[in-house]
Amino acid sequence: MIGLVVAAVKRAIFAISLLAVFVLFVGPVAILVVTSIRPASGVYYIWRGTNFTFSNFIDVVHQSQVMQAMWNSFVLSTLATIFSLGITVGSGYMLSRFGGWIQRSWFATIYIFRTVPYISWVLPLYLVNTRLGIYDTMLGLLLPHIAVHVCFFSWLMKGFFDGINPSMEYAALIDGCTRWGAFRRVALPAALPGIAALSILCWLATWNEFLFALILSGQRTPLITSTMAQFVTETGTEWNLMSATAVLAMLPALLVTIFGQKHVIRGLRM
Amino acid sequence: MRNSFRNWSLVNPLKTWVGLQQYKAVFTDPVFLQVVLPNTFILMIVSVTVSLAFGLALASLLNRPFFGRPILRTVILLPLTVAPVITATMMRWSFNDQFGVITTFLSYLGAPDIAWLSDRWPSFSLIILTDIWIWTPWFTIILLAGLQSLPKEPFEAALIDAATPWRTFWQVTVPMLRPVIVVCVLIRSIDAFRTFDQVWILTGGGPARSTEVFSVYAYVEAFVNLDFGRGAAAAGAGAIIMLFVGIGLYKLVNRTIEVSR
Amino acid sequence: MAEVVLRDVVKKYGTVPVVHEVNLDIADGEFMVLVGPSGCGKSTTLRMIAGLETITSGTISIGEKVVNELPPKDRDIAMVFQNYALYQHMTVFDNLAFGLRNRKVPDAEIKAEVARATRMLGLDPLLSRKPFQLSGGQQQRVALGRCIVRRPQLFLFDEPLSNLDAKLRAQMRIELKALRERVPTTSVYVTHDQVEAMTLGDRVVVMKDGWIQQVGTPLEIYNRPATRFVAGFIGAPAMNFIDVELADEQGQLRARAKDFDIGVAPQQADCLRKHGAKGVTMGVRPEHIHLGAAPDGKGSSFSGQVKVTEQLGSELVVGLDAAESTIMASRIAPETDIALHAPAEMWIEQRALHFFDRKNEAAIR
């Protein structure tokens, strides 16, 4: 009898903790979403009154800068992911399969760049970009992102390739493949889950990136993160519009996550 | 790659024409020493420790199948999906003095009024809280993957050895997770040092530069005070500090977990 | 010390049965071995006894107490796992003491028990080391020590020697037997190695596909296998199986296959005639087949081409192409001169024949 009561209590505590976790994680997002669908008058004390409207979204969408920022961010994320992964896959493969001092110094370089804070890159990058005339252009944004992603993801990619048994490639080499062929036909397909996972992470990282966006972009190539920030740092923030922008900024990331999370988890499991 | 070489060659020219004078200025700046550095390290230590603890707890929770587990797993990913900028904005809005949802909720519960965003420590706590909110899921996912790859036999042996769940956790699970924990703490600590987004949005480094962390300091010097040399020097200083901290952390964490057995 | 009784124990995963109605009585102090190929249900059965798997239906009792609902820690058992399952970050001493500490046994007693186990297993120099610093054999001994310290009423072994190399395995078998003399606890031992089963068990249970094929002492299983599977599984080199047709000739029953004509002993002939089938499977162990012509009245011969020879140093094993298969004969003098593809003659001891029904594979006795 006591056993049953204890079991029921344990189950109740478990359920409550689950609920708490759920609320804690969903809470802030929910608050944001609710704010975005309240009209300007109802944005104060958002839980009072039942005025809901999508007018915020309409207003925001009409602001060309926001829409252009969305588009720019999208293009940037996609391009950055494609190019970064292209380099990273090769880099990770090299780090995994080949020894020697070239690899070791490359690895050390990557590690060092990883530890150095972004801010330390951004300042020189700003100078470089202005000097090269690519400040506030897609190219000027693309290159730093690629560099950073290559550093970070090469490490992980190396791990994936470490986990793939090299005997398959040796068999391919014996069967007449070139080193490149062995890579393309044997190692690459095997690493696909890992590559998929990293692509998703890379895309999300670029989409959400703020510091580079803040410093390296301006009026010509606005990005969604920095555009959003502009709403906030002014006094007298229009919270309803701002949260509508935020929800818009959040949506693609959410979609990518929901559809990609299975791949990410499976890929990382390697 | 191209870019990284460019960076390297640029930090040097900056150093040479401005000289070490700027570095000296940075290191003797009282704001830097008494506010920025301590802030950054406090943020680093508290955020990583608490995220680790919550992450471990959550990962253990998620390790056994239960009704609604897939939903919870997706929900957990939310903080990671949402840009830190957006999260910081949400937090700033929720804790708004007059209209914030949470502020109002707290006053319903009878909690004293705290000026969340206009005093140093409350706003700094908010920054730390936001950081924890964002990064706990990161720990959770990685620790969960780690947990699921553990062999089950030692746990069965522990069952037969009449170990309580608490003991099993501390004496069997955690030691086996040590490598994963070390790596996570290391990576996350280094990243925590670099935090910028949340701080900038939540407080802008205020009030009166009291919540600045390292990255914000460099940014403020470079783009607000337009003292580029100082900003760059700060950035360079941070890079050097991080190198040492990174190495030191690695050794410390490794030894601590070894000893705590 | 206690008897273990399994009654109609069934285990299903969902609707898929992996263990069918197992009935087993293990006497107090008996060393029972469960043997069989992978997937036959032996480990699952052991884990049900341990409490690590739930029982779909049926009862398991340890020491006259039904334990179906008891968690592992309350069943007074100890278990040795295939990959040792030692606590890698504790010293050997702590590994041994863990179970006792959890049960709030006073420190002095813990020390005494650990000392006793250490002495028995020669673990003294290893006490302050951690498992990852030990060799496989040493780790296995620590796992054994973990069992002994608690003086449980039942020992369970889940393929403990499978991770060791052949030489170490042979050594550990001897050590296990020595240990058993000093600690004669009731034991259930699971393995896929029939040599371990034969050498270690008081009685052996042969399992296949979740069914018990036969229970008996090693010699019973060896000499009177109940099914074709048991006959082929136990004993190395494996028993030869030949599909034969029975024919009555002048009062004598003869077993026939292509170029193969063997006489059957009268008692067996009676059983076979009573059974009635004309086509049966005949089994004969290689050690009962000898090179050369049959001495009068002792058996029957057959001949064929030598297909394979295996020189073991202590004996020669020769395979002859006959009766549409390769018939292996063992224990031939190692210096015997015999060449591949050469014709040779062999004879079978008549009393060593086994017969199995072709359809249900049961032995015909």
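Can you tell me which residue among C:Asp248, C:Asp270 is at pLDDT below 95, outside the structural domain of C:Pro160 (by TED's automatic domain parsing) and part of a strand (DSSP E or B)? Testing whether each residue is at pLDDT below 95, outside the structural domain of C:Pro160 (by TED's automatic domain parsing) and part of a strand (DSSP E or B) leaves just C:Asp248.
Could you tell me which of the residues C:Arg141, C:Arg101, C:Arg129 is within 12 Å of chain B (Cβ to nearest Cβ) and either crowded, with 17+ Cβ neighbours inside 10 Å or under 25 Å from B:Lys152 (Cβ atoms) (or both)? Exactly one residue qualifies, and that residue is C:Arg101. Hey, any hits in segment B:118-133 for a residue that's within 8 Å of another protein chain (Cβ to nearest Cβ), crowded, with 19+ Cβ neighbours inside 10 Å and either modelled with pLDDT of 90 or more or touching a strand residue (DSSP E or B) at 6+ places or on another chain (Cβ under 9 Å) (or both)? The answer is yes; a qualifying residue exists.
Checked against the criterion of being at pLDDT 90 or above, touching a His at 6+ places or on another chain (Cβ under 7 Å) and in the same structural domain as C:Glu245 (by TED's automatic domain parsing), segment C:299-310 has at least one qualifying residue. Within segment A:18-35, can you find the residues that are more than 7 Å from every other protein chain (Cβ to nearest Cβ) and either more than 19 Å from A:Met250 (Cα to Cα) or free of Cβ contacts under 8 Å to residues at least 24 places away in the same chain (or both)? Answer for segment A:18-35, where residues must be more than 7 Å from every other protein chain (Cβ to nearest Cβ) and either more than 19 Å from A:Met250 (Cα to Cα) or free of Cβ contacts under 8 Å to residues at least 24 places away in the same chain (or both): A:Leu19, A:Ala20, A:Val23, A:Leu24, A:Gly27, A:Ala30, A:Val34. Per the conditions (1) more than 9 Å from every other protein chain (Cβ to nearest Cβ); (2) of a type in the set (A, V, I, L, M, F, W, C); (3) touching a Pro at 6+ places or on another chain (Cβ under 9 Å), the sole criterion not satisfied by C:Leu86 is (1).
Conditions (1) hydroxyl-bearing (Ser, Thr, Tyr); (2) surrounded by 22 or more Cβ atoms within 10 Å (Cβ to Cβ), marked per residue:
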residue: A:Leu125; (1), (2): no, yes
residue: A:Leu141; (1), (2): no, yes
residue: A:His149; (1), (2): no, yes
residue: A:Ile164; (1), (2): no, no
residue: A:Trp207; (1), (2): no, yes
residue: A:Ser217; (1), (2): yes, yes
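Counting only helices (runs of 4 or more DSSP H) that sit completely within segment B:154-227, those holding 2 or more residues that are within 11 Å of another protein chain (Cβ to nearest Cβ) and under 30 Å from C:Glu53 (Cβ atoms) correspond to B:165-168, B:174-193. Quick check: is even one residue across segment A:154-173 assigned to a helix (DSSP H, G or I) and either under 20 Å from A:Ser120 (Cβ atoms) or under 13 Å from the mean Cα position of the chain (by Cα) (or both)? Checked against the condition, which is being assigned to a helix (DSSP H, G or I) and either under 20 Å from A:Ser120 (Cβ atoms) or under 13 Å from the mean Cα position of the chain (by Cα) (or both), segment A:154-173 yields at least one hit.
Just one of the listed residues (C:Gly14, C:Gly63, C:Gly51, C:Gly39) is in contact with a Pro (Cβ under 7 Å, 6 or more places away or on another chain) and not hydrophobic (A, V, I, L, M, F, W, C), and it is C:Gly51. List pairs: first in segment C:272-296 and closer than 10 Å to C:Leu353 by Cβ, second acidic (Asp, Glu) and not in a helix (DSSP H, G or I), Cβ under 7 Å, 6+ apart or cross-chain? Partner pairs satisfying both residue conditions: C:His288/C:Glu349.
Number of residues in segment C:99-157 that are closer than 23 Å to C:Gln88 by Cβ, among the acidic types (Asp, Glu) and modelled with pLDDT of 90 or more equals 1.
Just one of the numbered conditions (1) loosely packed, with under 15 Cβ neighbours inside 10 Å; (2) outside any helix (DSSP H, G or I) is not true of C:Arg254; which one? For C:Arg254, the exception is condition (1). Among the criteria (1) in contact (Cβ under 8 Å) with a residue 24 or more places away in the chain; (2) outside any loop (DSSP other than H, G, I, E, B), the one A:Ala108 does not fulfil is (1). In segment B:91-114, the residue that is farthest from the other protein chains (Cβ to nearest Cβ) out of those that are exposed (fewer than 12 other Cβ atoms within 10 Å of the Cβ) and part of a loop (DSSP other than H, G, I, E, B) is B:Pro112. The single residue among C:Lys65, C:Lys73 that is among the charged types (D, E, K, R) and away from chain B (no Cβ under 13 Å) turns out to be C:Lys65.
Would you check which residues across segment C:131-181 are in contact (Cβ under 8 Å) with a residue 40 or more places away in the chain and part of a loop (DSSP other than H, G, I, E, B) and list them? Scanning segment C:131-181 gives C:Leu134, C:Arg150, C:Pro152, C:Gln153, C:Glu159, C:Pro160, C:Ser162, C:Asn163.
For (1) aliphatic (A, V, I, L, M); (2) farther than 30 Å from C:Gln194 by Cβ; (3) in the same structural domain as C:Phe157 (by TED's automatic domain parsing), each residue gets a yes or a no:
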{"site": "C:Ile49", "(1), (2), (3)": "yes, no, yes"}
{"site": "C:Glu53", "(1), (2), (3)": "no, no, yes"}
{"site": "C:Ile60", "(1), (2), (3)": "yes, no, yes"}
{"site": "C:Lys73", "(1), (2), (3)": "no, yes, yes"}
{"site": "C:Phe98", "(1), (2), (3)": "no, yes, yes"}
{"site": "C:Ala112", "(1), (2), (3)": "yes, yes, yes"}
{"site": "C:Arg116", "(1), (2), (3)": "no, yes, yes"}
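Report yes if C:Leu100 is assigned to a loop (DSSP other than H, G, I, E, B), out of contact with any Phe, Trp or Tyr (no Cβ under 8 Å at 6 or more places or on another chain) and among the hydrophobic types (A, V, I, L, M, F, W, C), otherwise no. For C:Leu100, the condition - assigned to a loop (DSSP other than H, G, I, E, B), out of contact with any Phe, Trp or Tyr (no Cβ under 8 Å at 6 or more places or on another chain) and among the hydrophobic types (A, V, I, L, M, F, W, C) - is not met. Please go through segment C:35-49 and pick out each residue that is within 14 Å of another protein chain (Cβ to nearest Cβ) and either in contact with a Lys or Arg (Cβ under 7 Å, 6 or more places away or on another chain) or among the charged types (D, E, K, R) (or both). Hits for segment C:35-49 are C:Thr44, C:Arg47, C:Met48.
The values are calculated or read from the model by the stated rules, or taken from the named source; none is laboratory data. Fair warning: this is a prediction, and the values are worked out from it, not measured in the lab. Quick reminder, even Gly has a Cβ in these numbers, built from the backbone with ideal geometry, and neighbours come from all protein chains shown.
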